[in-house]
Ligand SMILES: [Zn+2]
């Protein structure tokens with residue numbers, strides 16, 4: 001039987017809200033961090049020397065989809081059924097293998113994702129901690145109803161027809177005994193000139209955010225264009241997902257940027273999901289907008305939009321962190337965007353400190369100065385238990 005206490009020794013730990021380096025030992029007891037820094041190894045503890053390694057909080061992916069069916073038709077139904085039966089073991093394993101110990105599901109079938117959250121929380125299923133929005137709120141002519149054929153009755157969308165219905169639907173999710181962690185809205189008019197998609201009507205949007213806030217639940221928003229952003233800020237949305245050329249390509253409007261920063265509205269630009277679609281110049285401009293938001297005092301978060309084509313679980317978040325660093329944030333701030341940032345603003349994940357759950361990532365080298373260190377994973381712990389290791393790819397330093 002495994003000893004109850006484990007000591008990771010000869011390490012540098014990145015501690016607290018500012019990921020401050022502390023040389024020495026991380027003691028883990030009963031699935032939690034018991035002590036960190038220049039502390040003695042407790043008698044009877046199993047000592048694991050990891051010289052040259054950095055221990056940091058497990059990574060948080062603030063934007064994933066875990067099981068929503070891709071469109072309709074018999075094949076999609078079969079795939080959805082397989083997801084339901086298997087609870088995505090491959091995805092759960094891949095997240096952990098890349099050091100991702102918490103994911104935020106922003107739009108999945110409500111009953112299914114509640115069940116997945118429960119099963120991963122109590123350890124029945126191995127996997128990252130799952131925080132959930134349940135379904136996503138949209139308009140009858142909005143994404144994903146008008147784009148990928150979600151039907152208004154599907155369990156992964158809510159399409160309120162009035163402010164009253166919106167309040168009712170939010171209360172059912174955010175109140176009660178098993179509330180969601182966040183409420184997700186899609187505010188997107190498509191092409192800004194032609195308004196190809198229908199955004200949520202402002203009175204309905206206001207009702208959604210008010211009701212969510214009444215239950216103490218923050219609102220995370222998918223947005224596309226600047227009018228979408230203005231309406232979200234007006235309604236009081238708390239977190240923004242995506243940054244597209246349809247948005248502030250020509251620059252941030254000063255009033256919107258100021259409102260975002262002043263109200264502590266976070267931005268997860270999900271650069272990895274659009275990377276392959278954009279030309280180099282457009283991508284560079286968007287990266288500059290991320291840096292401008294950061295330099296204005298805004299909080300940037302890391303989200304991969306795993307579940308979209310070409311974004312792989314775990315690997316997508318590591319790529320997003322690299323892209324955030326390349327925006328000019330640098331590796332240390334990019335790391336904060338996937339660890340202490342989500343902990344502070346979303347309650348997702350936790351800083352490394354005594355008492356915190358031992359969801360930890362151990363890498364070779366120093367990821368504060370070398371972004372490549374995040375790919376040199378030595379160990380991933382979830383609730384203090386070692387998880388499966390990822391085999392290095394060809395050409396990668398083991
Ligand atoms: Zn998404």
Of all residues making up the stretch 291-316, the number that are outside any loop (DSSP other than H, G, I, E, B) and either crowded, with 22+ Cβ neighbours inside 10 Å or away from the ligand (no atom under 14 Å from the Cβ) (or both): 9
Provide a single number: the residues in the stretch 219-231 that are within 15 Å of the ligand (Cβ to nearest atom) and in a loop (DSSP other than H, G, I, E, B). 1
Among (1) within 16 Å of the ligand (Cβ to nearest atom); (2) crowded, with 20+ Cβ neighbours inside 10 Å; (3) over 20 Å from the mean Cα position of the chain (by Cα) - the single one residue 277 does not satisfy: (2)
Filter the stretch 22-50 for residues that are on the phi > 0 side of the Ramachandran plot and surrounded by 13 or more Cβ atoms within 10 Å (Cβ to Cβ); which is nearest to the chain's Cα centre (by Cα)? 31
Looking only at the stretch 192-213, how many residues end up being buried (at least 19 other Cβ atoms within 10 Å of the Cβ), in a loop (DSSP other than H, G, I, E, B) and out of contact with any strand residue (DSSP E or B) (no Cβ under 8 Å at 6 or more places or on another chain)? 1
So residue 247 clears everything in (1) within 16 Å of the ligand (Cβ to nearest atom); (2) buried (at least 24 other Cβ atoms within 10 Å of the Cβ) except one condition, right? Which one? (2)
Can you tell me which residues in the stretch 232-243 are crowded, with 19+ Cβ neighbours inside 10 Å and in a loop (DSSP other than H, G, I, E, B)? 237, 238, 242, 243
I'd like to check which helices (runs of 4 or more DSSP H) are fully inside the stretch 77-191 and have at least 1 residues that are surrounded by 15 or more Cβ atoms within 10 Å (Cβ to Cβ) and in contact with a helix residue (DSSP H, G or I) (Cβ under 8 Å, 6 or more places away or on another chain). 89-97, 110-121, 163-174
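Residue 216: under 24 Å from the mean Cα position of the chain (by Cα), within 16 Å of the ligand (Cβ to nearest atom) and part of a loop (DSSP other than H, G, I, E, B), yes or no?
Working: under 24 Å from the mean Cα position of the chain (by Cα): yes; within 16 Å of the ligand (Cβ to nearest atom): no; part of a loop (DSSP other than H, G, I, E, B): yes.
No; evaluated as a whole, the condition is false for this residue.
Listed residues 283, 268; which is at pLDDT 95 or above and away from the ligand (no atom under 16 Å from the Cβ)?
After applying the criteria, what remains is 283.
Listed here are the residues, each with its yes/no results for (1) within 16 Å of the ligand (Cβ to nearest atom); (2) closer than 27 Å to residue 197 by Cα; (3) at pLDDT 90 or above; (4) within 23 Å of the chain's Cα centre (by Cα).
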residue	(1), (2), (3), (4)
112	no, no, no, yes
120	no, no, yes, yes
127	no, no, yes, yes
136	yes, yes, yes, yes
143	yes, yes, yes, yes
154	yes, yes, no, no
170	no, yes, yes, yes
Could you check the stretch 244-290 and list, in sequence order, the residues that are assigned to a loop (DSSP other than H, G, I, E, B), without any contact (Cβ under 8 Å) to a residue 60 or more places away in the chain and over 19 Å from residue 227 (Cα atoms)? 278, 279
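The values are calculated or read from the model by the stated rules, or taken from the named source; none is laboratory data. This one's a predicted model, so the numbers in the text were calculated from it and none came from an experiment. A quick note on method: Cβ atoms are made from the backbone with ideal geometry, for glycine too, and the neighbour counts reach across all protein chains shown.
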